[in-house]
Each structure stands twice: as structure tokens, then as C-alpha cells.
Amino acid sequence: MTDSPRDQLPAVIANVGARRDAALADLFRLLAQPSISAQNVGIRECAAIEADLLRQAGLETRIIETGGEPFVYGEWLGAPGKPTILFYGHYDVQPPEPLDLWTTPPFGPTIRDGRIYARGVADNKAQHFSHIEAIRAWMDATGGLPVNVKVLLEGEEESGSPAFHNAVVANRDLLRADLVYMSDGPVSDIRYPQIAFGVRGMLYIELCSKGPNRDLHSGHWGGVAPNPVWALVRALGTMVDANNRVTIEGYYDNVATPTPGARAAMDALPFDIPSILTGAGLSELPPPEGMPYAERIMAQPTFNLSGLNGGYGGPGSKTIIPSTATAKIDMRLVPNQTPDEIWEKVSRHVATHCPDVEAVRLGGGVLPSYTPVEHPLAEPIRKAVEFGFGAPPIDIPIVGASLGEAVWTKTLGMPAIHVPYGAPEQANHSPNENYRLERLWQGIATGAALLAELACLETSPA
């Protein structure tokens, strides 16, 4: 009788241990290659290294042109009748500046006190490298994989992924899978591994109010010239009430009620909310009174005033009537809202209630994404994460931030689940970005176990 994938897993994990030095050398090769999409530095060279790592792991590999920075793609489809998993990651990194704040060079990977220091190690090279190394461990130990595997690595995530959506759609048949699995970012609390099932969407706008053709002397013109700052303040006052509820007509019409599984997961979150607030210099939640923390982050849209500019804000006094005033506003959206729907409602509100203020949409926005906590593929992921990290994970129904996951869930109709491997203090986007070595090995073990658990599903995930 052929051993089951679970029976084969100890040999796979043994291979991971035997390859530790070689795996670190491969990862350091990847980290030493700059791949700064914002500056067009080293992208093609890094893509070539990624393709080589995928080939060494036993995948059939290709570079896919996107109209922007290239995708690196690899696949192994030798398990007919078994599920197909698509591992997603990105190989581009943030600019390393300011360089003088780095203890060691950003592209000279270094281990200190149990951490790897390098630009891009946490975001996202070590995390997606864990997937590649898990695949290689299975190949080396057993000569194949227990399920079908695809890997897609993007080259411009840190620059807003301008070509990503269209390139995914153009390759939708190639990328078709039963599950999209991502590891990026840190967990919220180092004590708990976590599984995230969705993200909020976003719409970003600017409100602009115009007055005189130049700043005017407030003594000569006060009471005569309209003040655009006051016009803007009055406009903002029509949009949100004192209880922080958005008063734009229809704003909440399409807000989805959390599924029973999502509601149970929200209620069970073990986070220490007072400590979270204290860490940010806060003592209490703002209105509305009584709304739980998780409800605010995961189930309710926001209307955030992220910038307000108009007139003089320097030292001392300057008596003017400003010529312009602007407000920057980001709106975090939840299922089933869309940026287009909310933009139509906001722009109609402004035209009706604040005709002397102009609303401008900045960018297309980001759709929210959600894969149900109750999805049948969630359980094998939970088992794999517990195997890899030695503790049962917590379920995060919706992450408060906004990412482009909707291309998987809405455009291609595939479940997408995000399992961050990083630690909270890893300094993404900052000098001295770092990644705990133990998280690297735990991530590899998680990926290896996930392939075994998916292979042992008794029914099709579809």
C-alpha cells in the first residue's frame, strides 16, 4: 500500500532540516539582488533568480510579460484528480532609503540575534521562498508532489501593481486553481498564528474648495470675500455626524452582514484591546459607543479624513483669506460595497449639498475581498498552520487594510486565503527590515504540511 501524504510528511520535514544551510544560501542569493520596482532597479535580474529557484524546486517555469514588470510562473501538474493550489508572492521590494539608518547594507543579508536583516526579507522574499522550499522538500524526498501546484510571483506589488489585474485576467486559464494561498506581512500578535480570509476595499478622493484668485488680506477683504476653508468645513460636516456615522445617502446600503463563521471568529479574537490602544497613545475607542473593535475593523466601512489643507499653518500669525482648501479622504469598504458605487453616492452628495466644493476621484479604488471562514479549504490550512507553528491559528475574517485580492475572488471566482508568517516587529518598508529565522523554518513546515492536508481531502474542494 502506498503511504498517504501525511505518512510521507516526516521524510519531507527531514529533508527541510537537511537543506537548512543550502536553503539559507538560496535565500541570501535572492536577498542580495536588489529588485526595487519604484526605481526600476534589478527587477529582471531578480526575476531570473526566482525562475532558477523554481526550476531547481522541480517546477516547469516561465517568465510572463505583463506590460509592466514580469510575472515569474512555475507549475507542476502531475497529480490528476487532486486539488490545485496557486501560491502567490511578490519579488519586488521597497526602496531602502534612508541608507544611513541601516546597521548593515540593505542588500547584504546578515544574521544577527536570530534574525535575517535585508531589504525585502520580510516583504516578501522570505515568505514566498518558504513556499518554494516546501515544494522542493517534497520533490527531493518523494520525487513528486501530492497535489498540483502553481506559483505566481509579481514584480511590481510595491508600486501599486498597475499591470497586475489585467495580466492575471489575460492568463486566467493558466492561473486557474482551487485555492490561492498567500503569505505576506506580519501576524498581529506573536503569540498567535493567524489566517486571514479577506481585506477591505478602498476609495480615495479629494475635496477642493476655491475662493479668491489669490490669498487676500483678511482685514481688507473679511466679510466680503468667501473663505474656501469654511466652505470645505461645512461640506465635511454634512458627511459624518457626531457619532461617526456617515450621513451620505445610501452609504451603508450594500454592507454585507458577516457570515455566522465570521461573526464567531470576530467574537473569539483574543486580542488585548486596551494594550493595542495604549500602544498607539490612546485610552478609548471613539464613538459610536459600544461597537466592538473587531466590528469596526472588519465589518464596517469608514470615511477617514486623512489630510486637510488650507491657509497658513506656520509659526506665528498670518491674517489671510485663503484662496483654496483641500481635504484628502480615504474610505475603507467592506463586502459588498464597490468603489464605483460609493463614488457615485459621494459625488451626488457633494453636488446636492455642497455645490461650491468639487469632488475628485483619485485612482480606480480597490474592491473588498472575502472568502468565507466556513470554506471547506479553511480546515486543511488550519491543520497545516498548527503543524508548522505549533499552535492553533486564529481566524481573521477581514483585514482592515486594502489589497488587490479581489482579482482572485471576484474576477476569477477562486477562494483566496492569506497566512502571514512574519512577526510584528519585522519593520516592513523601514530601515533594518528583518525576519526571524524560526519563522522561516515554521513557514516551510506549514507549506509542506499544507500540501499533505490538501491531498487528504475526501471530497473535491469545489
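Where a number appears in this text, it was derived from the coordinates with a stated rule and is not lab data. Here the structure is a predicted model, which is why all the values come from computation and not from measurement. Positions of Cβ are generated from backbone atoms using ideal geometry, with glycine treated the same way; all protein chains shown enter the neighbour counts.
Okay, here's what the table says:
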{"quantity": "Along the chain, longest interval not containing exposed trypsin sites (Lys or Arg not before Pro), exposed being DSSP loop plus at most 14 other Cβ atoms within 10 Å", "calculated": "1-175"}
{"quantity": "Förster-model FRET efficiency, 45 Å R0, R20 and E65, C-beta, rounded to 0.05", "calculated": "0.80"}
{"quantity": "For the chain, share of DSSP beta bridges that run antiparallel, in % to the nearest 5", "calculated": "70"}
{"quantity": "Positive-end residue, segment 165-252 charge dipole about Cα centroid, Cβ charges, pick of Y192, I205, A170", "calculated": "I205"}
{"quantity": "Candidate lysines - alpha carbon under 29 Å from K125, same-chain residues fewer than 8 apart omitted", "calculated": "K82, K150, K383, K410"}
{"quantity": "Relative contact order of segment 374-462, pairs being alpha-carbon contacts under 8 Å that are 6 or more residues apart, as %", "calculated": "44"}
{"quantity": "Alpha-carbon Rg/Rh ratio, for segment 176-256, with Rh computed the Kirkwood way", "calculated": "1.24"}
{"quantity": "Cα-based convex hull, the chain, per residue volume (Å³, whole number)", "calculated": "170"}
{"quantity": "Table column - 3J(HN,Hα) (Hz), segment 188-197, Karplus curve with 6.51, -1.76, 1.60, x for Gly and Pro", "calculated": "7, 9, 4, 6, 10, x, 9, 10, 10, 10"}
{"quantity": "Percent antiparallel among DSSP beta bridges (both partners in segment 53-211, rounded to 5)", "calculated": "55"}
{"quantity": "Candidate lysines - alpha carbon under 20 Å from K345, same-chain residues fewer than 8 apart omitted", "calculated": "K328"}
{"quantity": "Placed amide H near I394: partners under 5 Å, 5+ positions off or other chain", "calculated": "Q194, I195"}
{"quantity": "H165 paired with D140, simple spin-label distance in nm, labels 7 Å along Cα-to-beta-carbon", "calculated": "4.1"}
{"quantity": "Extension gain from N254 to L437, taking 0.36 nm per residue of separation minus the Cα-Cα distance", "calculated": "61.5 nm"}
{"quantity": "DSSP loop GluC sites (Glu not before Pro) with at most 13 other Cβ within 10 Å excluded, longest remaining stretch of the chain", "calculated": "66-248"}
